[in-house]
Amino acid sequence: MKLYYDETLNPRKACAVARHLGLPVEFVHVRLARGEHRAPAFLALNPNGRLPVLQDGDLVLWEANAIMCHLSNVAGAALWPHEARAQVEVQRWLSWDAFHFTRHGGTLYFENLIKPAIGMGPPDAAVVQEAARQFSLSAGVLDAHLAGRKFLLGDALTVADFAVGAALPWAKEAQLPLESFPAIRRWHARLDELPGWRDPFGAAPLAARG
Ligand SMILES: N[C@@H](CCC(=O)N[C@@H](CS)C(=O)NCC(=O)O)C(=O)O
């Protein structure tokens, strides 16, 4: 399997799951800042021109959430659960995340971190203010849900944790307003105990990882 990635938010989900599961994945670094995702060869894999992309035999899969589920299936793991009720719960959090939590967290990540880093100018203050407001509303929902739970579905770690947590490693640089949400901070610290989550882009061979 080949996993095309850069060290950014959406590829992080797929890389972290691949490393967490210890799968024999070849990591292919596609540098967004150099425009490598707009090369014809890459667009032939993903016409959206976005990362991550997974190539597994004749399957070419884009969308980080789908890639995480596929990797879990390949490993015979239950990060994408086998049981129907749990699948629906995971799907609920993936949808919520895409439309609310990481949608607005992603905007803060883009405005406060990516734009200045690639010379697109300073953050747009109005966009930042509205994204921070929306992010805080969603964070309140998440914080209440996580109080008394280890992971989003309870005791079992799932792809939903990898998705909903995706922006948190950049919380400081993206200026995510998390001060009022202790259960989210505790959950993030728990995810940080997983080597694959903590270091998804590391260069060491997978076999050498814990
Ligand atoms: N919905 C896609 C989003 C992928 C995405 O936007 N990836 C960013 C990197 S975090 C990207 O490749 N951006 C390139 C561009 O916007 O030109 C997914 O979850 O995989």
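Separation of the stretch 157-197 from the stretch 1-80 is 21 Å, based on Cα centroids. Rounded to whole numbers, the Karplus 3J(HN,Hα) couplings from phi for the stretch 35-47 are x, 5, 6, 9, 5, x, 5, 6, 5, 5, 7, 9, x Hz, using 6.51 cos²θ - 1.76 cosθ + 1.60 with θ = phi - 60°, and x at Gly and Pro.
For the chain, the dipole from Cβ point charges (+1 on Lys and Arg, -1 on Asp and Glu) about the Cα centre works out to 140 debye, to the nearest 20. Run through the DSSP bridge list for the chain and note the antiparallel percent, rounded to the nearest 5. Bridges in the chain that DSSP calls antiparallel: roughly 65 percent. You can think of it this way: the chain between residue 130 and residue 41 has 28.3 nm of extra reach, that is 0.36 nm per residue less the Cα-Cα gap. 3J(HN,Hα) couplings calculated from phi for the stretch 132-140 with the Karplus curve 6.51 cos²θ - 1.76 cosθ + 1.60 (θ = phi - 60°) are, in sequence order, 5, 5, 5, 4, 5, 4, 5, 4, x Hz; Gly and Pro show x. Toward the positive end of the charge dipole of the stretch 93-210, with +1 on the Cβ of Lys and Arg and -1 on the Cβ of Asp and Glu, the farthest Cα among 152, 126, 181 is that of 152.
The lysines within cross-link reach of residue 172, meaning a Cα-to-Cα straight distance under 26 Å and a gap of 8 or more places when in the same chain, are 13, 115, 150.
How do 164-174, 76-86 rank on mean C-beta neighbours within 10 Å, highest first?
164-174, 76-86
Dipole magnitude for the stretch 2-79: computed about the Cα centre from +1 point charges on Lys and Arg Cβ and -1 point charges on Asp and Glu Cβ, it is near 220 debye.
For residue 28, the residues 5 or more places off, or on other chains, whose built amide H falls under 5 Å of its own are 3, 4, 5. A simple spin-label model places the labels of residue 98 and residue 198 3.2 nm from each other, with each point 7 Å out along Cα-to-Cβ. Taking 0.36 nm per residue of separation and subtracting the current Cα-Cα distance, fully stretching the chain between residue 56 and residue 155 would add 32.6 nm.
Values in this text are rule-based calculations from the coordinates and carry no lab data. Keep in mind that this is a model prediction, so the values were computed, not measured. Reconstructed Cβ throughout: ideal geometry from the backbone, glycine too, with neighbour counts over all protein chains shown.
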